[in-house]
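The values are calculated or read from the model by the stated rules, or taken from the named source; none is laboratory data. All values reported here derive from a predicted model rather than from experimental measurement. Please note: Cβ atoms are built from the backbone with ideal geometry, for glycine as well, and neighbour counts cover all protein chains shown.
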Amino acid sequence: MLLANPRHFYTDDTEAQYGPMWVMLGRHLHAGRFPALVPWEWMSGNYSMEEAGLYNPPQLLVDWFAPMVDDLALYVTVVKLLFSIVAALGVYRVCLAYKARPCWAAVAAIAFPLSGWFLFFDEASWATSLTGTAWMLHAWASAVRYLRGDGTRRWAHGPIPVFVYLYLAISVQYVFPAVESALMIGAVAVGEVIYRRTWRPSLRLLAVAACAGLVGLETYLPGILSSPVTWRGNERVLNEDFLTVGWSESLNASLPSTVPAFTGWWGYVQPLPMVYIAWFLIPLLAFVDWAGVRARWREHAGMVLFALVFLFWTAGPGRIGPLRWPARVLPMLAVGLLVAVCVWLSRNAVFGDWRRRGAAAGLLIGLLFVRSFCAAPHLVVRHLIATAAVAALTAMLVWLARTRGLTAACALAIVAMFPIAYDQVRMQSSTPMSYHFPEKRSTMRAALPRFDGVTLQLADRALVPPEEQRGDRAWGSLVFGNYAKNIDAHYVNAYTPIGYAAFSKLLCMGWDGSTCPAAFAAAFSVESATGRSIVDLMKVDRVVLQRAQYPDAPTHPAPAGWHWTDCPGHERYIWVLERDGGPISGQGLVADTRDVTATPIGRDSVTSRLRVTSAAGGRIVFARLAWPGYRVSLDGRDLGFHAIANTFLAVDIPPGTRNGELVVSWRPPGWKIGIAAALAGLAGLCLLQWLYRRPGDDEPDERPRPHDVYVEPALRQPIRQPAEIGC
């Protein structure tokens with residue numbers, strides 16, 4: 001992939017959200033601060049709700065090293081390759097847990113990171129989906145081993161590994177892996193009931209999952225309790241067609257040239273092979289002895305249920321609360337099908353009657369071509385080449401299985417994956433989603449203007465044409481997403497999937513920090529309750545205007561208290577307004593007082609202490625968003641708080657206050673409940689580990705059964721196929 005596109009793993013949300021966020025969080029950790037809230041960031045400062053993984057130890061390790069590396073593209077590539085390996089090992093363990101042959105388990109393990117959606121979205125862009133999926137797969141393997149074991153008393157097959165991997169999947173702070181983990185546990189638990197015909201083992205697994213959920217509650221409780229003030233506060237179940245994948249797209253799963261047809265970012269026909277899974281997946285179904293599969297269906301019920309659940313999800317509904325875009329779960333469908341098919345090929349493959357089964361495989365490959373052609377007929381030549389390649393590879397694999405053994409056949413399956421992935425990435429050598437930000441932070445630092453204090457940028461990324469999206473052009477003057485965090489510049493604009501709804505509406509600021517043309521008038525408008533402008537209440541030191549959005553801005557007089565200033569080398573892209581008296585953001589977070597004398601006596605990112613006096617009562621407004629979780633006390637007595645313009649934190653000071661100590665502190669809402677739940681979860685885990693024993697009376701009968709031996713249905717007698725040799 002890197003040979004085809006060196007920036008494959010450094011694109012879209014990775015370059016605009018995750019990479020810079022890792023750098024910023026690491027910088028805070030180096031300074032000894034736990035960055036749950038960074039008030040001066042405004043648009044994305046509440047990291048108890050962002051996809052930051054604050055309680056995930058591996059993610060904190062990633063954050064710690066990020067500021068030490070100048071080449072951010074190289075760093076995120078290494079991190080993603082490591083987590084891709086973790087994900088592959090997870091698939092390998094899942095296959096072995098279902099008693100697949102090691103060689104077929106290796107085939108599934110290597111195929112999954114190269115499957116369409118996972119390769120082009122989770123690995124390339126959505127880092128938390130990659131990491132959460134990697135841990136979830138290991139939780140799946142450990143869950144099956146916990147239920148089935150291997151006849152030993154080793155702790156590695158007990159409840160602790162299940163708990164640890166589930167917690168790591170939950171605490172990446174991205175809701176999809178958490179929900180997918182819950183569905184996986186449910187599928188495994190129900191499948192085990194079908195297999196063993198008893199609930200006892202599954203109840204133990206559900207208890208472990210509940211303990212992990214209790215410990216992971218702190219990850220999502222702040223978001224749940226804060227949702228009323230965010231964009232996500234009114235999410236509901238909707239049936240919309242955006243990124244909803246019809247089941248017929250499954251017939252594209254093995255043709256490398258496929259470009260599926262469903263509504264997405266690029267219209268109806270997508271330019272990426274989103275539904276591709278593996279070249280061998282569909283054709284080799286013809287070489288499975290389905291009678292043997294039916295005979296063991298109870299043993300494999302869990303993995304089949306897993307695949308079915310996500311097959312249904314991919315087709316809708318389009319939005320289930322915060323869970324939108326069903327196509328996001330395509331990797332779960334891919335891994336479910338890969339595990340199932342490779343387990344069946346391990347235990348029920350039949351390569352003897354190759355003529356009849358080869359004809360069936362040819363029919364399946366023909367269906368792949370027809371479905372892919374119907375979706376994108378303009379790529380007919382590419383589809384024909386891909387069809388011929390899949391047919392040739394299938395014939396070669398069957399020949400190797402018959403003459404050289406299963407190990408050689410699996411080796412071919414693996415080797416063939418890499419040129420296919422290379423070609424798929426090569427066809428998208430410039431990823432359609434890329435921001436084209438520079439790779440090195442030193443390049444960013446050298447290009448961007450040196451602005452002290454807090455800067456508000458009013459600009460729209462849509463107005464930056466593709467040819468200007470370079471470090472020595474637009475990205476040397478403008479910032480979008482979390483770009484400014486790469487160089488420790490304090491911009492209000494940032495990337496956030498959460499968004500404080502009232503503030504976003506106030507400045508019409510979007511998820512990537514873009515604003516509409518009306519933002520300038522709104523920023524300098526006067527807030528009625530305080531008589532102060534919005535930029536004064538925010539304590540902004542500077543306003544940067546995009547020249548393309550405000551072409552004649554300097555021809556108008558600057559607002560009162562501000563002046564236009566030159567920014568040499570950047571006049572092509574921006575105009576700059578600065579305060580007449582210099583920066584004010586360093587003077588504390590008090591933005592306005594009414595009938596109150598307030599003297600700061602200390603503050604940090606989450607706490608402000610002031611000495612206040614008010615004879616008749618008054619009010620203090622802070623340059624902070626009024627996030628849930630604030631606690632205000634005066635001389636130890638709770639005061640409460642409210643919001644000005646539904647945005648700014650305000651505190652009413654009672655009359656008769658004289659030299660009182662006002663403490664405004666913030667903690668993630670529900671943090672005490674989260675701690676109590678975590679303690680309960682850990683206590684439950686200790687109990688489950690203490691009760692854990694093996695072997696037990698409810699262990700399944702693992703003795704070899706007649707259908708464990710390959711049987712050629714035509715001959716109706718056991719034969720030893722060459723495919724059984726090796727592996």
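Restricting attention to region 2-22, and to residues there that are among the aliphatic types (A, V, I, L, M) and buried (at least 22 other Cβ atoms within 10 Å of the Cβ), which single residue is farthest from residue 495 (Cα to Cα)?
Of region 2-22, the ones among the aliphatic types (A, V, I, L, M) are 2-4, 16, 21.
Adding the requirement that they be buried (at least 22 other Cβ atoms within 10 Å of the Cβ) leaves 16, 21.
Values: 16: 7, 21: 9 Å.
So, considering only residues that are among the aliphatic types (A, V, I, L, M) and buried (at least 22 other Cβ atoms within 10 Å of the Cβ), the one farthest from residue 495 (Cα to Cα) is 21.
Could you tell me which of the residues 165, 195 is part of a helix (DSSP H, G or I) and touching a His at 6+ places or on another chain (Cβ under 6 Å)? Explain how you work it out, then say what you get.
Values: 195 fails: touching a His at 6+ places or on another chain (Cβ under 6 Å).
Only one candidate qualifies: 165.
Look at residue 620 and say whether it is under 17 Å from residue 539 (Cβ atoms), not in a loop (DSSP other than H, G, I, E, B) and not small (Gly, Ala, Ser).
Working: under 17 Å from residue 539 (Cβ atoms): yes; not in a loop (DSSP other than H, G, I, E, B): yes; not small (Gly, Ala, Ser): yes.
Answer is yes for this residue.
Looking at 91, 78, which is the one that is surrounded by 22 or more Cβ atoms within 10 Å (Cβ to Cβ) and either assigned to a helix (DSSP H, G or I) or hydrophobic (A, V, I, L, M, F, W, C) (or both)? It would help to see each step written out before you state the result.
Values: 78 fails: surrounded by 22 or more Cβ atoms within 10 Å (Cβ to Cβ).
Checking each option against the conditions leaves just 91.
Quickly run through region 442-454 and pick out the residues that are touching a residue at least 24 places away in the same chain (Cβ under 8 Å) and either surrounded by fewer than 18 Cβ atoms within 10 Å (Cβ to Cβ) or touching a helix residue (DSSP H, G or I) at 6+ places or on another chain (Cβ under 8 Å) (or both).
442, 444, 445, 447, 448, 449, 452, 453, 454
How many residues does region 22-33 hold that are in contact with a helix residue (DSSP H, G or I) (Cβ under 6 Å, 6 or more places away or on another chain) and not in a helix (DSSP H, G or I)? Break it down into steps so the answer makes sense when it comes.
Going through region 22-33, the residues in contact with a helix residue (DSSP H, G or I) (Cβ under 6 Å, 6 or more places away or on another chain) turn out to be 22-27, 29.
Then keep just the ones that are not in a helix (DSSP H, G or I); that gives none.
Total meeting the criteria: 0.
Could you count how many residues in region 254-277 are more than 23 Å from the chain's Cα centre (by Cα) and closer than 28 Å to residue 100 by Cα?
Total satisfying the criteria: 3.
Somewhere in region 319-335, is a residue more than 24 Å from residue 136 (Cβ to Cβ) and assigned to a helix (DSSP H, G or I)?
Initially, region 319-335 is screened for residues more than 24 Å from residue 136 (Cβ to Cβ), giving none.
No.
Can you confirm whether residue 351 is assigned to a helix (DSSP H, G or I) and among the aromatic types (Phe, Trp, Tyr)? If you could, list the steps in order and put the result at the bottom.
Details: assigned to a helix (DSSP H, G or I): no; among the aromatic types (Phe, Trp, Tyr): yes.
In short, no.
Cβ-Cβ distance below 8 Å, separation of 6 or more or different chains: which pairs start in region 66-88 with a residue that is touching a residue at least 12 places away in the same chain (Cβ under 8 Å) and of a type in the set (Ser, Thr, Tyr) and end on one that is surrounded by fewer than 21 Cβ atoms within 10 Å (Cβ to Cβ) and not in a loop (DSSP other than H, G, I, E, B)?
Filtered contacts from region 66-88: 75/65.
Report every pair of residues separated by at least 6 positions or lying on different chains whose Cβ atoms are under 7 Å apart, first residue within region 552-578 and on the phi > 0 side of the Ramachandran plot, second surrounded by fewer than 16 Cβ atoms within 10 Å (Cβ to Cβ) and part of a loop (DSSP other than H, G, I, E, B).
561/580
Tell me, yes or no, whether region 504-514 has at least one residue that is within 16 Å of residue 16 (Cα to Cα), at pLDDT 95 or above, among the small types (Gly, Ala, Ser) and part of a helix (DSSP H, G or I).
No, region 504-514 contains no residue that is within 16 Å of residue 16 (Cα to Cα), at pLDDT 95 or above, among the small types (Gly, Ala, Ser) and part of a helix (DSSP H, G or I).
If you take the residues of region 451-487 that are acidic (Asp, Glu) and in a helix (DSSP H, G or I), which of them is nearest to residue 538 (Cα to Cα)?
Pass one, region 451-487, residues acidic (Asp, Glu): 452, 460, 467-468, 472.
Still in the running and in a helix (DSSP H, G or I): 467-468.
Details: 467: 34, 468: 31 Å.
This residue is 468.
Residues of region 564-603 being among the basic types (Lys, Arg) and over 37 Å from the mean Cα position of the chain (by Cα), which ones?
Kept after step one, since they are among the basic types (Lys, Arg), are these residues of region 564-603: 572, 579, 594, 603.
Result: 579, 594.
Looking at the structure I just gave you, is residue 223 among the small types (Gly, Ala, Ser), exposed (fewer than 14 other Cβ atoms within 10 Å of the Cβ), assigned to a helix (DSSP H, G or I) and not assigned by TED's automatic domain parsing to the domain that holds residue 504? Walk me through it before giving the result.
Details: among the small types (Gly, Ala, Ser): yes; exposed (fewer than 14 other Cβ atoms within 10 Å of the Cβ): no; assigned to a helix (DSSP H, G or I): yes; not assigned by TED's automatic domain parsing to the domain that holds residue 504: yes.
Criteria not met by residue 223.
Residues checked against (1) within 23 Å of residue 608 (Cβ to Cβ); (2) part of a helix (DSSP H, G or I):
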site	(1), (2)
2	no, no
5	no, no
20	no, yes
35	yes, no
61	no, yes
67	no, yes
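One residue is enough: does region 360-369 have a residue meeting the conditions closer than 30 Å to residue 405 by Cα and within 32 Å of the chain's Cα centre (by Cα)?
Going through region 360-369, the residues closer than 30 Å to residue 405 by Cα turn out to be 360-369.
Next, from what is left, pick out any that are within 32 Å of the chain's Cα centre (by Cα): 368.
Yes; the residues of region 360-369 include at least one that is closer than 30 Å to residue 405 by Cα and within 32 Å of the chain's Cα centre (by Cα).
Any residue in region 260-282 that is over 21 Å from residue 108 (Cα atoms) and in contact (Cβ under 8 Å) with a residue 12 or more places away in the chain sitting within a Cβ distance under 6 Å of a residue that is part of a loop (DSSP other than H, G, I, E, B) and among the aromatic types (Phe, Trp, Tyr)? List the pairs, counting only those 6 or more apart or interchain.
263/242
What is the number of the single condition among (1) within 22 Å of the chain's Cα centre (by Cα); (2) within 26 Å of residue 450 (Cα to Cα); (3) surrounded by fewer than 18 Cβ atoms within 10 Å (Cβ to Cβ) that residue 497 does not meet?
Going through (1) within 22 Å of the chain's Cα centre (by Cα); (2) within 26 Å of residue 450 (Cα to Cα); (3) surrounded by fewer than 18 Cβ atoms within 10 Å (Cβ to Cβ) one by one, residue 497 breaks only (2).
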